[in-house]
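To start, the structure itself, in structure tokens.
The values are calculated or read from the model by the stated rules, or taken from the named source; none is laboratory data. This one's a predicted model, so the numbers in the text were calculated from it and none came from an experiment. Note that we place each Cβ from the backbone using ideal geometry, even for glycine, and neighbour counts take in every protein chain shown.
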């Protein structure tokens, strides 16, 4: 019964989305205000029906309703409650439903917080999002229906993929989808601006918090995925340049370029057409990611069930959405007048260089991801592109990018005298170099050229940010009060930039100094790694809610002092009989100790993989700061003040431009 | 003015090229289209053995029994995911599995097998990927079922899940073992 209700709600949501996508556009065209205003109702309707559908699917999982094919394929009567709730997005169909629900949620948010926008612009934006919803929802209903019912319900389900039975995975996909789908907002705003021919600073300012929020969510998703790969795959790596990882990384790179380019458009009116293009590209890459993951064109760890009709449908959706918007861009962008002038050495110049580097990096990742496909399509042989390519291409691009990240905030808009800049900054760079040489020497007792380069850039970024903050308050009487007065978007920027520095320090030290060993240990035997002694004490049987496990007890000491006890497991899940390695990790600020249990080697001995990863946790701290900075920037009062000012102006005018009945929605 | 507007068409043109490739790629999808090698004899090859460089393996080493040929690499994440399934097929079901170690450093490959266990009877070390091309390898991992006469009878692209091993590969192997000719 729940399946039928869910199915029905899904159909109604599609109809609502259709109305949301079409009616306001006609209204704008004909100048019928009430038709435009209908967007606010239909978007709420779409969200409501999708919410009902989502609740129905969750209910089917909670009650073990195995007559629903999707539940039977992704759950089991022994599956713990937490994973039954998460299993809703554990497969292709359910994750699409979550996508659609989030898209409707973002659209609803846009409609509630659109007080600062002229009604025509808001109506167009919501309509464009409605059209995207139509695409996603019809895809769900016609090719991937989560509510398909089995004629004969099986006695028990086939269980959730054991790889996905993990707390990290409860959070990773929703965060990632929030980012993917969130990029639809700046996209829709850009399309609305192109349709109306209004590409001014107000458009950019209105786009900024949405783009930044989506960017932060996307990075949260990527970081959680990386963290999850680090501790569940049991191979110690945290980034594999897997096609699916690239699929999430590419829109993030585009979004990073977008939020910086938006800043220049907002403040100086610069790069308008470029910014619009980035907004389109960022969302297009989200859709491309969906295509790559779900069509089976590239093989990857994230093996979704693949199906030719699905691939064809997503490609059709991709061509319509992206092709249509790029055609609109080609038609409208030429009429946009050029922005304000600036010289090469200026804030705009740095932002432009930053954008170029990010886009080149993006193109390199795109090339590496699609290259096997292109070569195959041209009949030039079958190849695969691995981490060596990406590392070689990506790292050299990141070093100048980080340098510019530090430099940018110190620059003034429009024009800076180069001589003044070098005179002000050479000692900062020198100090960064000193720190960069000292840190690995103190930590590890040695260093390399690559480590020095990476660390110099990271410390440069930190010192430059601190200098900038100091310069902002140095001439004030009450410095603490002055610090508090600095706007949230300013703090957000520096928190994110310093997060990047912390991340780069972590990655650099880790990649140069990590040590790993595959060892053969019998009970009571020991192995030494990076000054730590690992003793395999025993191997024991354990029993989980839906798996059996072998657990090794590895006691770690250093100079005779106990450090920790690691308990890595090898699990065999009952239903899918898939052996899973569950690594054990001990984390401090200085290093991670990591042990994964391998295969029995006969004679009571086991293969164990041991890692000493210096500064590993800095990766997660840095990522956390980058995300936090994004959300701080979104909270800036400037964006809200703007909406309030506009609202008052609208109230004062209170003529045909305001729509009755929606003012109360604007907080 | 005309030239300036053409510049704005570039993104669209670039995108059309990408869509063209994706469309072709969809048709080439290795999971959907059976390998042209199906029912043909295994491509002729000679490779140094991974475990012992002084010895060589060739297509002749595959005749005589129904076996699996798995193309893998230590740098391939999906292979790591698939590895336990291969271990199970080899040790619990006694299926002979031969490996083609694809574009991999010998030391990395051997360490991979030392840690994860070795399900393979032997491995051919295909350092430059030439043999992989002859076999039509699109990406690792790929798994071929070879019959007694040394003909390829079935191909699986991507990591084998425990379910696929049970429901696809094992029945095919059973059927081929039952063939008399």
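A few comments on the model shown:
- Residue in the range A:572-585 that is under 18 Å from residue A:614 (Cα atoms), modelled with pLDDT of 85 or more, away from every other protein chain (no Cβ under 14 Å) and part of a strand (DSSP E or B) present: yes
- For the range A:486-498, the set of residues classified as part of a helix (DSSP H, G or I) and closer than 17 Å to residue A:467 by Cα consists of A:490, A:491, A:492, A:493, A:494, A:495, A:496, A:497, A:498, listed by residue number.
- The set of residues from the range A:58-95 being in contact with a strand residue (DSSP E or B) (Cβ under 8 Å, 6 or more places away or on another chain) and part of a helix (DSSP H, G or I) comprises A:60, A:69.
- Complete set of residues in the range A:592-611 that are in contact (Cβ under 8 Å) with a residue 40 or more places away in the chain and under 19 Å from residue A:229 (Cβ atoms): A:593, A:594, A:595, A:596, A:597, A:598, A:609, A:610, A:611
- Extreme residue, modelled with the lowest pLDDT, among residues of the range A:318-349 that are exposed (fewer than 15 other Cβ atoms within 10 Å of the Cβ) and away from chain B (no Cβ under 14 Å): A:340
- Residue list for the range B:17-42, filter: modelled with pLDDT of 75 or more, within 14 Å of chain A (Cβ to nearest Cβ) and loosely packed, with under 14 Cβ neighbours inside 10 Å: B:17, B:20
- Within the range B:151-180, tally of residues that are in a loop (DSSP other than H, G, I, E, B), touching a residue at least 24 places away in the same chain (Cβ under 8 Å) and surrounded by fewer than 17 Cβ atoms within 10 Å (Cβ to Cβ): 1
- Residue A:382 satisfies every condition listed in (1) more than 23 Å from the chain's Cα centre (by Cα); (2) surrounded by 18 or more Cβ atoms within 10 Å (Cβ to Cβ); (3) at pLDDT 80 or above; (4) more than 30 Å from residue A:193 (Cβ to Cβ) except (3).
Conditions tested, residue by residue: (1) in contact (Cβ under 8 Å) with a residue 24 or more places away in the chain; (2) in the same structural domain as residue A:261 (by TED's automatic domain parsing).
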| residue | (1), (2) |
| --- | --- |
| A:371 | no, yes |
| A:374 | no, yes |
| A:403 | yes, yes |
| A:406 | yes, yes |
| A:412 | yes, yes |
| A:435 | yes, no |
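- Residues (at positive phi and either surrounded by fewer than 20 Cβ atoms within 10 Å (Cβ to Cβ) or assigned to a strand (DSSP E or B) (or both)) located in the range A:589-640: A:602, A:603, A:604
- Qualifying residue in the range A:472-483 (condition: free of Cβ contacts under 8 Å to residues at least 24 places away in the same chain and within 30 Å of residue A:531 (Cβ to Cβ)): no
- Against the conditions (1) at pLDDT below 85; (2) more than 14 Å from every other protein chain (Cβ to nearest Cβ); (3) crowded, with 16+ Cβ neighbours inside 10 Å, residue B:62 satisfies every one except (1).
- Every condition in (1) touching a residue at least 40 places away in the same chain (Cβ under 8 Å); (2) within 34 Å of the chain's Cα centre (by Cα) holds for residue A:564 except the one numbered (1).
- Of the residues making up the range A:494-505, not a single one is within 14 Å of another protein chain (Cβ to nearest Cβ), farther than 20 Å from residue A:259 by Cβ and in contact (Cβ under 8 Å) with a residue 12 or more places away in the chain.
- Leading residue by the ranking (surrounded by the most Cβ atoms within 10 Å (Cβ to Cβ)) among those in the range B:74-101 that are within 8 Å of chain A (Cβ to nearest Cβ) and either more than 28 Å from residue A:239 (Cβ to Cβ) or in contact with a helix residue (DSSP H, G or I) (Cβ under 6 Å, 6 or more places away or on another chain) (or both): B:85
- Test for residue A:29: is it part of a helix (DSSP H, G or I), in the same structural domain as residue A:120 (by TED's automatic domain parsing) and closer than 15 Å to residue A:111 by Cα: no
- Only one of the listed residues (A:134, A:128, A:152, A:120) is over 23 Å from the mean Cα position of the chain (by Cα) and either crowded, with 23+ Cβ neighbours inside 10 Å or not in a helix (DSSP H, G or I) (or both). That residue is A:152.
- Residue B:108 being surrounded by fewer than 17 Cβ atoms within 10 Å (Cβ to Cβ), within 14 Å of chain A (Cβ to nearest Cβ) and over 27 Å from residue B:179 (Cβ atoms): yes
- Residue satisfying condition, being within 14 Å of chain B (Cβ to nearest Cβ), modelled with pLDDT of 85 or more and over 29 Å from residue A:590 (Cα atoms), within set A:357, A:373, A:352, A:367: A:367
- Scanning the range A:270-290 for residues that are modelled with pLDDT under 80 and either within 7 Å of chain B (Cβ to nearest Cβ) or under 26 Å from residue A:202 (Cα atoms) (or both) yields nothing.
- Hits in the range A:560-571 (condition: at pLDDT 90 or above and part of a loop (DSSP other than H, G, I, E, B)): A:567, A:568
- For the residues A:237, A:197, the requirement of being surrounded by fewer than 22 Cβ atoms within 10 Å (Cβ to Cβ) and farther than 21 Å from residue A:394 by Cβ singles out A:197.
- Checked against (1) crowded, with 24+ Cβ neighbours inside 10 Å; (2) away from every other protein chain (no Cβ under 14 Å), residue A:224 passes all but condition (1).
- Applying the criterion of at least 2 residues that are at positive phi to the helices (runs of 4 or more DSSP H) found wholly in the range B:33-145 leaves an empty list.
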